[in-house]
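Chemist: One structure is given below, represented as C-alpha coordinates, and several questions about it will come after.
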Amino acid sequence: MASDTLFDALIEHDISRRDFIKFCTAMAAALGLSAGTVPRIAHALQTKKKPILLWLEMQSCTGDTEALLRATKPTAAELVLDVLSLDYSETIMAAAGHQAEKLLADLVKNHKGAYFAAVEGSIPVKDGGIHCCIGGRSGLEIAREVCGNALATFAMGTCACFGGIPHASPNPTGAVGVKEAFPNATVLNLAGCPVNAENITAAIVHYLTFGSLPAVDAFGRPLFAFGKRIHDNCERRAHFDAGQYTRQWGDDGHRRGWCMYYMGCKGPQAYQNCPTVRYNGGTSWPVGSGHGCVACAAPNFWDEMTPFYRRLPQPFGITVETTADKVGLTVTAVTLGGILLHAIARMVKHHTRPKGEAAQGAKPQEKTEWKGPSWHE
Ligand code: SF4
(Lines give C-alpha, C1' and ligand atoms only; values in the text may rest on other atoms or scores of the structure.)
Protein backbone atom coordinates (compact mmCIF):
# COMPACT_ATOMS: atom_id res chain seq x y z
CA MET A 1 0.00 0.00 0.00
CA ALA A 2 1.37 3.40 -0.90
CA SER A 3 2.28 5.44 2.14
CA ASP A 4 0.94 8.95 2.46
CA THR A 5 3.23 10.45 5.03
CA LEU A 6 6.97 10.44 5.38
CA PHE A 7 6.64 8.55 8.67
CA ASP A 8 4.53 5.83 7.03
CA ALA A 9 7.18 5.43 4.37
CA LEU A 10 9.93 5.12 6.94
CA ILE A 11 7.94 2.46 8.80
CA GLU A 12 7.45 0.58 5.54
CA HIS A 13 11.23 0.49 5.28
CA ASP A 14 11.48 -1.16 8.69
CA ILE A 15 12.82 1.99 10.29
CA SER A 16 11.99 1.81 13.99
CA ARG A 17 10.47 4.55 16.08
CA ARG A 18 13.86 5.02 17.72
CA ASP A 19 15.53 5.46 14.33
CA PHE A 20 12.79 7.85 13.30
CA ILE A 21 13.50 10.05 16.32
CA LYS A 22 17.21 9.79 15.57
CA PHE A 23 16.46 10.94 12.05
CA CYS A 24 14.45 13.90 13.37
CA THR A 25 17.27 14.78 15.76
CA ALA A 26 19.80 14.60 12.95
CA MET A 27 17.62 16.89 10.84
CA ALA A 28 17.35 19.40 13.67
CA ALA A 29 21.13 19.36 14.00
CA ALA A 30 21.62 19.70 10.25
CA LEU A 31 19.32 22.71 10.22
CA GLY A 32 21.11 24.28 13.16
CA LEU A 33 18.01 24.04 15.36
CA SER A 34 17.83 23.20 19.04
CA ALA A 35 16.83 19.79 20.38
CA GLY A 36 13.55 21.40 21.43
CA THR A 37 12.41 21.42 17.82
CA VAL A 38 12.68 17.63 17.45
CA PRO A 39 9.06 16.96 18.57
CA ARG A 40 7.83 19.54 16.09
CA ILE A 41 9.82 17.96 13.28
CA ALA A 42 8.59 14.50 14.29
CA HIS A 43 4.98 15.70 14.36
CA ALA A 44 5.30 17.31 10.94
CA LEU A 45 6.81 14.21 9.39
CA GLN A 46 4.10 12.00 10.89
CA THR A 47 1.25 14.13 9.65
CA LYS A 48 2.31 15.91 6.45
CA LYS A 49 1.79 14.19 3.15
CA LYS A 50 4.81 13.24 1.14
CA PRO A 51 5.65 16.13 -1.16
CA ILE A 52 5.61 15.55 -4.89
CA LEU A 53 8.96 16.20 -6.53
CA LEU A 54 9.46 16.63 -10.27
CA TRP A 55 13.12 16.35 -11.22
CA LEU A 56 14.32 17.94 -14.46
CA GLU A 57 17.60 17.19 -16.16
CA MET A 58 19.19 20.10 -18.02
CA GLN A 59 22.87 20.65 -18.95
CA SER A 60 24.50 18.40 -16.39
CA CYS A 61 26.68 15.35 -15.89
CA THR A 62 23.99 13.71 -13.69
CA GLY A 63 26.40 13.88 -10.79
CA ASP A 64 23.70 15.21 -8.47
CA THR A 65 21.45 12.25 -9.16
CA GLU A 66 24.44 9.98 -8.61
CA ALA A 67 25.18 11.67 -5.31
CA LEU A 68 21.62 11.11 -4.17
CA LEU A 69 21.51 7.48 -5.17
CA ARG A 70 24.82 6.73 -3.46
CA ALA A 71 23.97 8.42 -0.17
CA THR A 72 23.34 6.26 2.87
CA LYS A 73 21.80 6.72 6.33
CA PRO A 74 19.20 7.99 6.46
CA THR A 75 19.22 6.65 2.97
CA ALA A 76 18.74 9.47 0.57
CA ALA A 77 17.73 6.90 -2.01
CA GLU A 78 14.85 5.91 0.26
CA LEU A 79 14.03 9.49 0.96
CA VAL A 80 14.03 10.47 -2.66
CA LEU A 81 12.62 7.35 -4.22
CA ASP A 82 10.11 6.37 -1.55
CA VAL A 83 9.68 8.97 1.12
CA LEU A 84 9.38 11.75 -1.35
CA SER A 85 6.92 11.20 -4.10
CA LEU A 86 9.42 11.46 -6.91
CA ASP A 87 6.93 11.34 -9.73
CA TYR A 88 9.15 12.43 -12.56
CA SER A 89 12.88 11.94 -13.14
CA GLU A 90 14.21 11.32 -16.62
CA THR A 91 17.27 9.54 -15.28
CA ILE A 92 15.69 6.89 -13.12
CA MET A 93 12.04 6.50 -14.10
CA ALA A 94 10.87 3.66 -16.31
CA ALA A 95 8.61 5.72 -18.55
CA ALA A 96 10.10 7.21 -21.70
CA GLY A 97 9.12 9.04 -24.85
CA HIS A 98 5.57 10.35 -25.27
CA GLN A 99 4.48 8.50 -22.14
CA ALA A 100 6.99 10.45 -20.05
CA GLU A 101 6.10 13.76 -21.70
CA LYS A 102 2.43 13.21 -20.96
CA LEU A 103 3.21 12.23 -17.39
CA LEU A 104 5.07 15.48 -16.78
CA ALA A 105 2.36 17.60 -18.40
CA ASP A 106 -0.35 15.90 -16.34
CA LEU A 107 1.56 16.30 -13.08
CA VAL A 108 2.13 20.01 -13.65
CA LYS A 109 -1.51 20.52 -14.58
CA ASN A 110 -3.01 18.45 -11.76
CA HIS A 111 -0.73 19.63 -8.96
CA LYS A 112 -0.17 23.22 -9.96
CA GLY A 113 1.36 25.19 -7.08
CA ALA A 114 1.51 22.11 -4.87
CA TYR A 115 4.64 20.29 -5.99
CA PHE A 116 8.36 20.86 -5.68
CA ALA A 117 10.56 21.07 -8.75
CA ALA A 118 14.18 20.06 -8.79
CA VAL A 119 16.48 21.15 -11.57
CA GLU A 120 19.81 19.50 -12.18
CA GLY A 121 22.15 21.25 -14.58
CA SER A 122 22.32 24.70 -16.10
CA ILE A 123 19.71 26.13 -18.43
CA PRO A 124 20.97 27.35 -21.80
CA VAL A 125 19.18 30.51 -22.87
CA LYS A 126 21.18 31.44 -25.97
CA ASP A 127 19.48 31.05 -29.35
CA GLY A 128 16.11 30.46 -27.75
CA GLY A 129 17.41 27.57 -25.65
CA ILE A 130 18.00 25.20 -28.58
CA HIS A 131 21.25 23.86 -27.07
CA CYS A 132 19.32 21.55 -24.75
CA CYS A 133 16.20 19.98 -26.19
CA ILE A 134 14.06 17.21 -24.72
CA GLY A 135 11.21 15.63 -26.63
CA GLY A 136 11.38 18.33 -29.27
CA ARG A 137 11.08 21.18 -26.74
CA SER A 138 13.82 23.34 -25.32
CA GLY A 139 14.87 22.77 -21.76
CA LEU A 140 14.26 26.47 -21.23
CA GLU A 141 10.60 26.08 -22.20
CA ILE A 142 10.08 22.94 -20.13
CA ALA A 143 11.79 24.36 -17.05
CA ARG A 144 9.83 27.61 -17.35
CA GLU A 145 6.59 25.65 -17.25
CA VAL A 146 7.60 23.27 -14.45
CA CYS A 147 9.40 25.80 -12.23
CA GLY A 148 6.86 28.51 -12.90
CA ASN A 149 4.03 26.37 -11.54
CA ALA A 150 5.93 24.83 -8.64
CA LEU A 151 5.55 25.61 -4.98
CA ALA A 152 9.31 26.04 -4.96
CA THR A 153 12.27 24.88 -6.98
CA PHE A 154 15.41 23.26 -5.63
CA ALA A 155 18.40 24.08 -7.82
CA MET A 156 20.43 20.91 -7.39
CA GLY A 157 24.15 21.50 -7.68
CA THR A 158 26.22 24.44 -8.81
CA CYS A 159 25.25 24.20 -12.49
CA ALA A 160 21.57 24.63 -11.64
CA CYS A 161 22.37 27.36 -9.10
CA PHE A 162 24.78 29.52 -11.05
CA GLY A 163 25.40 27.90 -14.43
CA GLY A 164 28.42 25.93 -13.18
CA ILE A 165 30.86 24.46 -15.65
CA PRO A 166 28.68 25.08 -18.76
CA HIS A 167 28.59 28.76 -17.68
CA ALA A 168 32.40 28.99 -17.71
CA SER A 169 33.95 31.30 -20.25
CA PRO A 170 33.19 31.47 -23.16
CA ASN A 171 29.81 29.95 -22.22
CA PRO A 172 28.80 29.02 -25.79
CA THR A 173 25.26 27.98 -24.86
CA GLY A 174 24.40 30.96 -22.67
CA ALA A 175 24.12 28.65 -19.65
CA VAL A 176 22.66 30.20 -16.50
CA GLY A 177 21.24 29.03 -13.20
CA VAL A 178 17.52 28.58 -12.54
CA LYS A 179 17.04 31.87 -10.71
CA GLU A 180 18.70 33.85 -13.47
CA ALA A 181 16.59 32.10 -16.10
CA PHE A 182 13.35 32.60 -14.14
CA PRO A 183 13.73 35.54 -11.74
CA ASN A 184 10.14 35.25 -10.50
CA ALA A 185 10.42 31.60 -9.47
CA THR A 186 10.95 30.64 -5.83
CA VAL A 187 14.35 28.95 -5.90
CA LEU A 188 16.54 27.46 -3.19
CA ASN A 189 20.12 27.11 -4.34
CA LEU A 190 21.58 23.84 -3.10
CA ALA A 191 25.02 24.42 -4.53
CA GLY A 192 27.93 22.02 -4.66
CA CYS A 193 29.51 19.79 -7.25
CA PRO A 194 27.70 17.58 -6.60
CA VAL A 195 24.91 18.65 -4.26
CA ASN A 196 25.00 17.02 -0.83
CA ALA A 197 22.01 14.72 -0.35
CA GLU A 198 21.86 15.56 3.35
CA ASN A 199 21.23 19.20 2.50
CA ILE A 200 18.35 18.33 0.20
CA THR A 201 16.78 16.20 2.90
CA ALA A 202 17.19 18.92 5.52
CA ALA A 203 15.70 21.57 3.24
CA ILE A 204 12.62 19.43 2.57
CA VAL A 205 12.22 18.59 6.25
CA HIS A 206 12.43 22.30 7.01
CA TYR A 207 9.62 23.00 4.60
CA LEU A 208 7.45 20.20 5.97
CA THR A 209 8.04 21.37 9.53
CA PHE A 210 7.80 25.14 9.21
CA GLY A 211 5.91 25.59 5.96
CA SER A 212 8.68 27.71 4.49
CA LEU A 213 12.08 27.40 2.90
CA PRO A 214 15.11 27.96 5.15
CA ALA A 215 16.83 31.34 5.44
CA VAL A 216 19.36 31.97 2.69
CA ASP A 217 22.56 33.89 2.10
CA ALA A 218 23.26 36.47 -0.59
CA PHE A 219 23.52 33.70 -3.18
CA GLY A 220 20.21 32.06 -2.35
CA ARG A 221 21.87 29.16 -0.53
CA PRO A 222 20.45 27.94 2.79
CA LEU A 223 22.40 29.30 5.73
CA PHE A 224 22.17 26.04 7.63
CA ALA A 225 24.44 24.49 4.97
CA PHE A 226 26.37 27.47 3.62
CA GLY A 227 26.64 29.78 6.61
CA LYS A 228 30.06 28.68 7.75
CA ARG A 229 33.42 28.71 6.11
CA ILE A 230 35.02 25.41 5.20
CA HIS A 231 38.37 26.56 6.58
CA ASP A 232 36.84 27.11 10.04
CA ASN A 233 35.54 23.57 10.34
CA CYS A 234 38.29 21.76 8.48
CA GLU A 235 39.95 18.85 10.24
CA ARG A 236 43.33 20.13 8.97
CA ARG A 237 42.85 23.61 10.41
CA ALA A 238 45.12 22.93 13.39
CA HIS A 239 47.91 22.19 10.92
CA PHE A 240 47.23 25.44 9.09
CA ASP A 241 47.52 27.35 12.35
CA ALA A 242 50.66 25.44 13.28
CA GLY A 243 52.30 26.16 9.94
CA GLN A 244 52.30 22.50 8.94
CA TYR A 245 51.70 22.32 5.23
CA THR A 246 51.71 19.86 2.39
CA ARG A 247 54.28 21.21 -0.05
CA GLN A 248 54.08 18.52 -2.68
CA TRP A 249 51.53 15.84 -3.41
CA GLY A 250 52.63 12.70 -1.64
CA ASP A 251 55.24 14.37 0.57
CA ASP A 252 55.53 13.68 4.25
CA GLY A 253 53.11 16.47 5.17
CA HIS A 254 50.53 15.18 2.74
CA ARG A 255 50.80 11.68 4.14
CA ARG A 256 50.41 13.06 7.66
CA GLY A 257 47.23 14.89 6.75
CA TRP A 258 48.65 18.41 6.97
CA CYS A 259 47.00 21.50 5.53
CA MET A 260 46.84 21.79 1.73
CA TYR A 261 46.70 25.57 1.55
CA TYR A 262 49.93 25.67 -0.44
CA MET A 263 48.54 23.09 -2.85
CA GLY A 264 45.74 25.44 -3.78
CA CYS A 265 43.02 24.60 -1.26
CA LYS A 266 40.25 27.21 -1.51
CA GLY A 267 38.76 26.35 1.88
CA PRO A 268 39.59 29.81 3.30
CA GLN A 269 37.22 31.37 0.76
CA ALA A 270 34.50 28.74 0.53
CA TYR A 271 31.30 28.35 2.52
CA GLN A 272 29.66 24.94 2.89
CA ASN A 273 29.14 22.24 5.49
CA CYS A 274 31.31 19.62 3.76
CA PRO A 275 33.67 19.17 6.76
CA THR A 276 30.82 18.33 9.12
CA VAL A 277 28.27 16.58 6.89
CA ARG A 278 30.70 15.00 4.41
CA TYR A 279 29.68 12.74 1.54
CA ASN A 280 29.00 9.06 0.98
CA GLY A 281 27.18 8.50 4.22
CA GLY A 282 29.50 10.78 6.15
CA THR A 283 32.61 8.78 5.33
CA SER A 284 34.73 11.48 3.73
CA TRP A 285 34.99 14.68 1.71
CA PRO A 286 37.59 16.10 -0.69
CA VAL A 287 39.95 17.51 1.95
CA GLY A 288 39.48 14.39 4.07
CA SER A 289 40.61 12.27 1.16
CA GLY A 290 43.67 14.38 0.46
CA HIS A 291 42.58 16.95 -2.11
CA GLY A 292 42.12 20.65 -1.58
CA CYS A 293 38.73 22.31 -1.68
CA VAL A 294 37.97 23.93 -5.07
CA ALA A 295 35.10 26.07 -3.73
CA CYS A 296 32.67 24.23 -5.99
CA ALA A 297 29.62 25.84 -4.34
CA ALA A 298 30.74 29.35 -5.25
CA PRO A 299 29.31 31.19 -8.25
CA ASN A 300 31.72 31.18 -11.22
CA PHE A 301 34.09 28.83 -9.40
CA TRP A 302 35.36 27.35 -12.65
CA ASP A 303 36.54 30.76 -13.89
CA GLU A 304 37.44 32.42 -10.62
CA MET A 305 38.88 29.62 -8.49
CA THR A 306 41.27 28.28 -11.10
CA PRO A 307 44.06 27.26 -11.34
CA PHE A 308 42.89 24.86 -8.68
CA TYR A 309 46.43 23.96 -7.64
CA ARG A 310 47.70 27.48 -7.16
CA ARG A 311 47.54 28.73 -3.61
CA LEU A 312 45.34 31.57 -2.58
CA PRO A 313 47.10 34.92 -2.51
CA GLN A 314 47.63 35.00 1.21
CA PRO A 315 51.07 35.24 2.80
CA PHE A 316 52.53 32.52 4.96
CA GLY A 317 51.36 32.49 8.54
CA ILE A 318 48.76 35.21 8.07
CA THR A 319 45.12 34.35 8.22
CA VAL A 320 42.16 36.60 7.76
CA GLU A 321 41.55 36.31 11.50
CA THR A 322 45.08 37.41 12.33
CA THR A 323 45.38 40.36 14.64
CA ALA A 324 47.99 43.05 14.32
CA ASP A 325 49.90 41.51 17.24
CA LYS A 326 50.05 38.15 15.53
CA VAL A 327 51.17 39.79 12.35
CA GLY A 328 54.04 41.32 14.27
CA LEU A 329 55.02 37.99 15.80
CA THR A 330 54.84 36.27 12.47
CA VAL A 331 56.97 38.88 10.84
CA THR A 332 59.52 38.46 13.59
CA ALA A 333 59.58 34.72 13.20
CA VAL A 334 59.70 34.55 9.44
CA THR A 335 61.95 36.34 7.02
CA LEU A 336 59.69 38.05 4.63
CA GLY A 337 60.48 40.05 1.52
CA GLY A 338 59.34 43.55 0.76
CA ILE A 339 56.44 42.37 -1.33
CA LEU A 340 55.14 40.26 1.49
CA LEU A 341 55.43 43.07 4.02
CA HIS A 342 53.53 45.28 1.66
CA ALA A 343 50.87 42.59 1.41
CA ILE A 344 50.63 42.36 5.21
CA ALA A 345 50.27 46.10 5.52
CA ARG A 346 47.48 46.07 3.00
CA MET A 347 45.76 43.19 4.70
CA VAL A 348 45.86 44.83 8.13
CA LYS A 349 44.70 48.09 6.67
CA HIS A 350 41.81 46.55 4.82
CA HIS A 351 40.92 43.80 7.22
CA THR A 352 37.52 44.81 8.53
CA ARG A 353 35.86 41.52 9.28
CA PRO A 354 35.48 40.96 13.04
CA LYS A 355 37.09 37.85 14.49
CA GLY A 356 34.73 34.88 14.54
CA GLU A 357 32.13 36.56 12.40
CA ALA A 358 31.73 33.59 10.07
CA ALA A 359 31.35 31.17 12.95
CA GLN A 360 28.49 33.24 14.30
CA GLY A 361 26.48 32.81 11.15
CA ALA A 362 26.96 36.32 9.87
CA LYS A 363 26.20 37.07 6.25
CA PRO A 364 28.62 34.91 4.29
CA GLN A 365 30.95 36.52 1.83
CA GLU A 366 32.61 34.41 -0.80
CA LYS A 367 35.58 36.50 -1.69
CA THR A 368 35.45 39.78 0.08
CA GLU A 369 37.57 39.36 3.17
CA TRP A 370 40.87 39.14 1.36
CA LYS A 371 42.18 42.52 0.24
CA GLY A 372 45.70 41.42 -0.54
CA PRO A 373 47.57 40.78 -3.76
CA SER A 374 45.75 39.87 -6.91
CA TRP A 375 44.22 36.45 -7.24
CA HIS A 376 46.87 35.05 -9.56
CA GLU A 377 49.97 36.48 -7.97
S1 SF4 B 1 43.48 25.64 3.75
FE2 SF4 B 1 42.16 23.90 3.17
S3 SF4 B 1 43.18 22.06 4.02
FE4 SF4 B 1 44.04 23.86 5.06
S5 SF4 B 1 42.81 24.11 6.91
FE6 SF4 B 1 41.91 25.44 5.34
S7 SF4 B 1 40.30 24.21 4.37
FE8 SF4 B 1 41.63 22.78 5.51
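Chemist: Looking at segment 151-183 only, could you name the residues that are among the small types (Gly, Ala, Ser) and under 21 Å from the mean Cα position of the chain (by Cα)?
Modeler: Those that are among the small types (Gly, Ala, Ser) and under 21 Å from the mean Cα position of the chain (by Cα): 152, 155, 157, 160, 163, 164, 168, 175, 177, 181.
Chemist: Of all the strands (runs of 3 or more DSSP E) wholly in segment 67-180, which have at least 3 residues that are at pLDDT below 90?
Modeler: 85-89
Chemist: Which residues, counting only those in segment 222-244, are near the ligand (Cβ under 8 Å from one of its atoms) and aromatic (Phe, Trp, Tyr)?
Modeler: Residue satisfying the conditions is 240 alone.
Chemist: Can you tell me how many residues within segment 257-305 are β-branched (Val, Ile, Thr) and open to solvent by less than 20 Å² (accessible area, probe 1.4 Å)?
Modeler: 1
Chemist: While we're on this one: Which condition does residue 130 not pass, out of (1) in contact with an Asp or Glu (Cβ under 8 Å, 6 or more places away or on another chain); (2) over 10 Å from residue 58 (Cα atoms), if it passes all the others?
Modeler: With respect to (1) in contact with an Asp or Glu (Cβ under 8 Å, 6 or more places away or on another chain); (2) over 10 Å from residue 58 (Cα atoms), residue 130 is out only on (1).
Chemist: Given the criterion touching a residue at least 24 places away in the same chain (Cβ under 8 Å), of a type in the set (Phe, Trp, Tyr) and surrounded by fewer than 23 Cβ atoms within 10 Å (Cβ to Cβ), identify the matching residue among 240, 226. Please lay out each step first, then the result.
Modeler: Values: 226 fails: surrounded by fewer than 23 Cβ atoms within 10 Å (Cβ to Cβ).
The unique qualifying residue is 240.
Chemist: Further question on the same structure: Would you confirm whether or not segment 268-275 contains a residue that is under 15 Å from the mean Cα position of the chain (by Cα), in a helix (DSSP H, G or I), within 30 Å of residue 45 (Cβ to Cβ) and within 9 Å of the ligand (Cβ to nearest atom)?
Modeler: First pass over segment 268-275, keeping only residues under 15 Å from the mean Cα position of the chain (by Cα): 269-275.
If we keep only those that are in a helix (DSSP H, G or I) as well, we get 269, 274-275.
Next, only the ones that are within 30 Å of residue 45 (Cβ to Cβ) stay: 274-275.
Those still in the list that are within 9 Å of the ligand (Cβ to nearest atom) too: 275.
Yes - at least one qualifying residue is present in segment 268-275.
Chemist: Right, another one. Report every pair of residues separated by at least 6 positions or lying on different chains whose Cβ atoms are under 8 Å apart, first residue within segment 158-183 and at negative phi, second of a type in the set (Asp, Glu) and buried (at least 23 other Cβ atoms within 10 Å of the Cβ).
Modeler: 159/120; 160/64; 160/120
So that you can scan it fast, the table gives a plain yes or no per residue for (1) among the polar types (S, T, N, Q); (2) in the same structural domain as residue 41 (by TED's automatic domain parsing):
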| site | (1), (2) |
| --- | --- |
| 206 | no, yes |
| 215 | no, yes |
| 238 | no, no |
| 247 | no, no |
| 254 | no, no |
| 260 | no, no |
| 267 | no, no |
| 280 | yes, no |
| 291 | no, no |
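Chemist: Restricting the search to segment 245-256, which residues are near the ligand (Cβ under 9 Å from one of its atoms) and either open to solvent by 40 Å² or more (accessible area, probe 1.4 Å) or of a type in the set (S, T, N, Q) (or both)?
Modeler: The one that is near the ligand (Cβ under 9 Å from one of its atoms) and either open to solvent by 40 Å² or more (accessible area, probe 1.4 Å) or of a type in the set (S, T, N, Q) (or both): 246.
Chemist: Also: May I ask you to verify whether residue 162 is open to solvent by 10 Å² or more (accessible area, probe 1.4 Å), within 22 Å of residue 66 (Cβ to Cβ) and either touching a strand residue (DSSP E or B) at 6+ places or on another chain (Cβ under 8 Å) or not assigned by TED's automatic domain parsing to the domain that holds residue 30 (or both)? I'd like the intermediate steps shown before the answer.
Modeler: Numbers: open to solvent by 10 Å² or more (accessible area, probe 1.4 Å): yes; within 22 Å of residue 66 (Cβ to Cβ): yes; either touching a strand residue (DSSP E or B) at 6+ places or on another chain (Cβ under 8 Å) or not assigned by TED's automatic domain parsing to the domain that holds residue 30 (or both): yes.
Yes; evaluated as a whole, the condition is true for this residue.
Chemist: Can you name every residue in segment 12-38 that is part of a helix (DSSP H, G or I), over 13 Å from residue 208 (Cα atoms) and either in contact with a strand residue (DSSP E or B) (Cβ under 6 Å, 6 or more places away or on another chain) or not β-branched (Val, Ile, Thr) (or both)?
Modeler: Correct list: 12, 17, 18, 19, 20, 22, 23, 26, 29, 30, 35, 36.
Chemist: Further, regarding this structure: May I ask you to list the residues in segment 14-56 that are farther than 20 Å from residue 225 by Cβ, at pLDDT 85 or above and either crowded, with 21+ Cβ neighbours inside 10 Å or assigned by TED's automatic domain parsing to the domain that holds residue 273 (or both)?
Modeler: Answer for segment 14-56, where residues must be farther than 20 Å from residue 225 by Cβ, at pLDDT 85 or above and either crowded, with 21+ Cβ neighbours inside 10 Å or assigned by TED's automatic domain parsing to the domain that holds residue 273 (or both): 54, 56.
Chemist: Looking only at segment 306-335, which residues are open to solvent by 30 Å² or more (accessible area, probe 1.4 Å) and either under 18 Å from residue 165 (Cα atoms) or modelled with pLDDT of 75 or more (or both)?
Modeler: Result: 306, 307, 308, 309, 310, 311.
Chemist: Please find, within segment 190-216, the residue that is nearest to the ligand (Cβ to nearest atom) out of those that are surrounded by fewer than 19 Cβ atoms within 10 Å (Cβ to Cβ) and not hydrophobic (A, V, I, L, M, F, W, C).
Modeler: 212
Chemist: Can you tell me which residues in segment 276-290 are in a loop (DSSP other than H, G, I, E, B) and more than 12 Å from the chain's Cα centre (by Cα)?
Modeler: Listed by number, the residues that qualify are 280, 281, 282, 283, 285, 286, 290.
The values are calculated or read from the model by the stated rules, or taken from the named source; none is laboratory data. These figures come from a predicted structure and were not determined experimentally. Positions of Cβ are generated from backbone atoms using ideal geometry, with glycine treated the same way; all protein chains shown enter the neighbour counts. These accessible areas exclude ligands, DNA and RNA; they are computed on the full protein's heavy atoms, side chains included. Shrake-Rupley method; radii C 1.70, N 1.55, O 1.52, S 1.80 Å.
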